[in-house]
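The values are calculated or read from the model by the stated rules, or taken from the named source; none is laboratory data. Note that this is a predicted model, so its numbers are computed, not measured. Glycine gets a Cβ as well: all are built from the backbone with ideal geometry, and neighbour counts include every protein chain shown.
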Amino acid sequence: MSNIIVLLGPPGAGKGTQADKLAARLDIPKIATGDVLRAALRDGTPRGKEAKAYMDRGDLVPDSVIFGILRDVMGSPATSKGAILDGAVRTVPQAKELGIMLAELGKGVDSVLLLDISDDKLTERLSGRTVCEKCQTPYMGREPETKCEKCGSKLIRRKDDEPEAIRNRLKVYRAQTAPVIDWYGENGMKVHKVDADGPVDEVTRRAVEALEK
Ligand code: AP5
């Protein structure tokens with residue numbers, strides 16, 4: 001029995017934060033395409049080099065790059081029990097391709113969660129965020145160069161958390177990712193809207209409640 005959860009939401013909604021919590025709770029891995037791409041960038045792989053300019057501007061990387069990542073991870077034994085797909089589906093072609101890949105494996109998407117939050121709140125979160133350069137854990141209210149609590153590496157600011165890139169990411173989300181919400185609805189999947197404003201554990205509680213529905 002597999003448990004595949006698609007996590008949608010604008011930049012800064014808390015997808016990464018909640019995906020970690022849900023992954024631990026449900027004992028399935030988190031697959032965050034943003035993290036995979038940043039790791040590829042850090043390692044200087046061809047995939048990372050191709051993605052860099054798109055990511056720095058806050059644009060989406062081409063669907064073909066994401067199809068490659070999804071094919072690698074969904075076919076791997078690590079996701080045999082399921083996965084939380086954090087930001088891995090951001091265009092309608094990606095949603096369609098994921099469905100095809102899963103059908104070939106005899107699986108399908110089990111739940112779709114949408115983290116819902118105002119633009120003001122997410123801009124405030126992204127402007128105050130630092131992340132671990134190695135394990136990519138996000139923090140609020142911690143300065144760059146201080147140490148990650150989880151792995152001891154240094155915290156940095158993401159290039160795409162600059163004001164102009166944040167504005168572009170929001171524009172891109174509305175134009176290219178919001179239609180995915182309707183697409184799932186039109187294709188027989190209930191999209192569970194979760195209020196993402198509030199303490200982290202409270203948002204997790206709401207997400208778990210939505211998954212149990
Ligand atoms: P990605 O890294 O996924 O960026 P994003 O979607 O813009 O999301 P963020 O990581 O900025 O935010 P989040 O929702 O995960 O929030 P977080 O938990 O960090 O992708 C980066 C780029 O990669 C994309 O722009 C694109 O170029 C490319 N990419 C990735 N996937 C792609 C795809 N499928 N197709 C094409 N391109 C793709 O939280 C934000 C902050 O708020 C943190 O500091 C956190 O500590 C804090 N916080 C979280 N929850 C709370 C709370 N409840 N209360 C207070 N603070 C909170």
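Kindly indicate whether any position in the stretch 44-52 is under 27 Å from SER127 (Cα atoms), of a type outside the set (Val, Ile, Thr) and in contact with an Asp or Glu (Cβ under 8 Å, 6 or more places away or on another chain). Within the stretch 44-52 (the criterion being under 27 Å from SER127 (Cα atoms), of a type outside the set (Val, Ile, Thr) and in contact with an Asp or Glu (Cβ under 8 Å, 6 or more places away or on another chain)), the answer is no, since none of the residues qualifies. Checked against the criteria, GLY44 does not count as at positive phi, assigned to a loop (DSSP other than H, G, I, E, B) and within 13 Å of the ligand (Cβ to nearest atom).
Restricting the first member to the stretch 105-130 and to residues that are within 25 Å of ALA95 (Cβ to Cβ) and in contact (Cβ under 8 Å) with a residue 12 or more places away in the chain, and the second to residues that are loosely packed, with under 14 Cβ neighbours inside 10 Å and not hydroxyl-bearing (Ser, Thr, Tyr), the beta-carbon pairs closer than 6 Å and six or more apart or on different chains are ASP116/ASP195. Residue count for the stretch 103-121 under the criterion of being crowded, with 16+ Cβ neighbours inside 10 Å and at pLDDT below 95: the result is 1. When you scan the stretch 65-85, do you find a residue that is modelled with pLDDT of 95 or more, of a type in the set (Asp, Glu) and either more than 30 Å from GLU202 (Cα to Cα) or touching a Gly at 6+ places or on another chain (Cβ under 9 Å) (or both), even just one? Looking for residues that are modelled with pLDDT of 95 or more, of a type in the set (Asp, Glu) and either more than 30 Å from GLU202 (Cα to Cα) or touching a Gly at 6+ places or on another chain (Cβ under 9 Å) (or both), one finds none in the stretch 65-85, hence no. Regarding SER64, is this residue touching a residue at least 12 places away in the same chain (Cβ under 8 Å) and among the polar types (S, T, N, Q)? No: the conditions fail for SER64. A single member of LEU22, LEU37, LEU7 is surrounded by 19 or more Cβ atoms within 10 Å (Cβ to Cβ), assigned to a helix (DSSP H, G or I), under 13 Å from the mean Cα position of the chain (by Cα) and more than 8 Å from the ligand (Cβ to nearest atom), and it is LEU22. Of the strands (runs of 3 or more DSSP E) lying entirely inside the stretch 74-181, those carrying at least 1 residues that are small (Gly, Ala, Ser) and away from the ligand (no atom under 11 Å from the Cβ) are 82-86, 111-116.
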